[in-house]
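First up is the structure itself, then whatever we jot down about it.
The values are calculated or read from the model by the stated rules, or taken from the named source; none is laboratory data. Because the structure is a prediction, the values reported are computed rather than measured. Virtual Cβ from ideal backbone geometry, glycine too; neighbours counted across all protein chains shown. Quick note on the areas: whole protein, heavy atoms, side chains included, nothing else; ligands and nucleic acids left out. Shrake-Rupley method; radii C 1.70, N 1.55, O 1.52, S 1.80 Å.
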Amino acid sequence: MNENEFKRNELLAKKTIKGINSRNMTGHYAKDKKEALDIALSLIPEGASVTMGGCTSAREIGLVDTLKSGNYNFIDRDNYEDKRQAMLFGYDADVFLSSANAMTDDGVIINIDGNSNRVSAIAQGPKKVIFIVGMNKVCSDVDAAMKRARNVAAPINAQRFNLDTPCSKTGSCMNCKSPDTICCQILITRYSRHADRIHVILVNDDLGF
Ligand code: SF4
């Protein structure tokens, strides 16, 4: 990223954070991955139970490794044979980590889901939800964010998990009803009823898909 792109993202992040804050959520700006990690850790007290739903961005800023090796109760679904049990523990966690498939520059967050554990935990359950979002995910409005979610994020995720969906073959959404679809539920987070529950860390970098 060149200097001008960095500055443009910085300005866009300011606008986006204003929008996030107007929705009873809390926006944070991180100039890079290191600062994003520091902000995330400042929001997670030691000893907290933490879980996540498919959050590549949290891995990319080093948060998952830090939590696993630190004094936290990290609920790692991969370590549970009973995935349903892990998911149920997750609903009662202190902190849930997520990325966004896309968001608008006035603070609306879009997530699509196949199993739907991620979108359900964002909507309800964990006491705090921390989104880690690269500036590459910020779009001009809900329509553009939805298009990004279904034409950029979904095809890449479908390919990652070797799913038999049209988008994994064509690279764009065909509005499928295939058994493998990852668009079973689409969550639009436009307001938080509970102050201090949803935090969004906007990172001036490309993260995730
Ligand atoms: S609806 Fe189907 S084709 Fe469209 S993004 Fe979702 S999984 Fe892919």
Out of (1) crowded, with 17+ Cβ neighbours inside 10 Å; (2) small (Gly, Ala, Ser); (3) under 22 Å from His199 (Cα atoms), what's the single condition that is false for Ser140?
-> (1)
Might you let me know whether the range 97-114 holds any residue that is buried (at least 23 other Cβ atoms within 10 Å of the Cβ), over 29 Å from Asn175 (Cβ atoms) and modelled with pLDDT of 95 or more?
-> yes
Of the residues that make up the range 34-51, is at least one open to solvent by 20 Å² or more (accessible area, probe 1.4 Å), modelled with pLDDT of 95 or more, hydroxyl-bearing (Ser, Thr, Tyr) and more than 30 Å from Arg84 (Cβ to Cβ)?
-> yes
Residue count, the range 104-158 (criterion: within 13 Å of the ligand (Cβ to nearest atom) and touching a Leu at 6+ places or on another chain (Cβ under 6 Å)) | 1
All positions within the range 63-75 that are of a type in the set (A, V, I, L, M, F, W, C) and either surrounded by fewer than 14 Cβ atoms within 10 Å (Cβ to Cβ) or in a helix (DSSP H, G or I) (or both) | Leu63, Val64, Leu67
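Return the total of residues in the range 160-170 being within 10 Å of the ligand (Cβ to nearest atom) and surrounded by fewer than 22 Cβ atoms within 10 Å (Cβ to Cβ).
Of the residues in that region, 6 qualify.
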What number of residues within the range 81-96 are surrounded by 14 or more Cβ atoms within 10 Å (Cβ to Cβ), more than 25 Å from Asn136 (Cα to Cα) and not small (Gly, Ala, Ser)?
-> 4
Counted residues in the range 1-17 being out of contact with any helix residue (DSSP H, G or I) (no Cβ under 8 Å at 6 or more places or on another chain) and touching a residue at least 24 places away in the same chain (Cβ under 8 Å) come to 5
Residue check, Asp78 part of a helix (DSSP H, G or I), more than 25 Å from Asn21 (Cα to Cα) and either of a type in the set (Val, Ile, Thr) or open to solvent by 30 Å² or more (accessible area, probe 1.4 Å) (or both) = yes
Please tell me if Gly208 is surrounded by fewer than 20 Cβ atoms within 10 Å (Cβ to Cβ) and in contact with a helix residue (DSSP H, G or I) (Cβ under 6 Å, 6 or more places away or on another chain).
-> no
